[in-house]
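Taking it in order: structure first as structure tokens, then the write-up.
None of the figures in this text is laboratory data; all of them are computed from the coordinates on show. This structure is a prediction, so every number in the text was calculated from the model and none was measured. FYI the Cβ positions are ideal-geometry reconstructions off the backbone, even for glycines, and counts take in every protein chain you see.
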Amino acid sequence: MIKPVSFTEKLLFSTIRIEALLADGQRSVGTAFFFDARLDENRHLPLIVTNKHVVKDAVEGIIQLHEAEGEGNEIRPSGRHFEARINNFAGHWIGHPNESIDLCAMPFQPMRDKLQKNGKRIFNLSFDESLVFSDLQLETLSAVENVLMVGYPTGLWDEKNNLPLFRRGITSTHPAIDFCGKPIFLIDAAAFPGSSGSPVVFADMGFYQDKMGNTSIGTSRIALLGVLYAGPMWTAEGSVEVDPIPTAVLPMSRTNVMIHLGYVLKAKEILALSSHIVREANKGLLRDKMIIFRDCQFA
């Protein structure tokens, strides 16, 4: 297995494929990613972030985790991964404080601690608030910028190596503007079932030109811009409807056609969610969420 060095290589180890078993026996697939919520200057709370609709009504969740090897600065993925099954999956997530925002998160430290006691070390790389642009930084971007989306479209993944797939696109609306007054922007990229919860990132690596035409060489601009959650569909009646990206990946008969646009919740809402969780944790209100892995099974 490679030791991730470049930003895009690091993205390979930033996501989790979620397979959810629903009460009616159906299975769905979505994407989640690691995010470190800031507790103070020296501490953070590791989280797994995805969309609420990805985990809704799930009685069991199945995720794959990388094992680590090496020590200190030489820690790296071992090339081995294992499966974790979590019962009562839907009940273990903490929703965004705004009910209308399709984001939720699960504390990750309890799982890491349990695995450590069992002799397993997890390798993952997390986003954090340093990768979230401020409003002023977003205003330095142009209306059309290149973006990457990392996840598991139609449930596809590198099963042998437990790695996600990349999709490339562009911004369809300006990232600094709240589309239709909501904290979202649009991207021109194919969004398929399984892509819900995918992080959308902006990465100008080593060369970029700002909107004033100034060229910078040897510097990079990197940011977590947001989370894919929905996409417009062209219906049989000729209308356009915006729905959450489906999580079911089995073939089905339908007349609605996805038009290859994605609706992205802005990264500032990830910060709002993580701040909410930190406040709840400091009040001692998340004890039930922090002990959820007592009956978690690992294979």
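Here are a few things to note about the model shown:
- Efficiency of FRET between Arg121 and Leu156 - r from beta-carbon atoms, R0 30 angstrom, step 0.05: 0.60
- Calculated FRET efficiency for the pair Glu71/Asp24, C-beta based, R₀ 41 Å, to 0.05: 0.35
- Residue pairs, from the table Lys3/Lys283; Lys10/Lys268; Lys3/Lys268; Lys10/Lys283; Lys117/Lys160, whose Cα atoms sit over 32 Å apart: Lys3/Lys283; Lys10/Lys283
- Förster radius 41 Å - calculated FRET efficiency between Cys180 and Val5, Cβ distance, rounded to 0.05: 0.55
- The aspartates and glutamates within cross-link reach of Lys120, meaning a Cα-to-Cα straight distance under 13 Å and a gap of 8 or more places when in the same chain, are Glu67, Glu69, Glu83.
- Three-way shape call for region 1-110 based on the alpha-carbon gyration tensor, with the a/c threshold at 1.5: oblate
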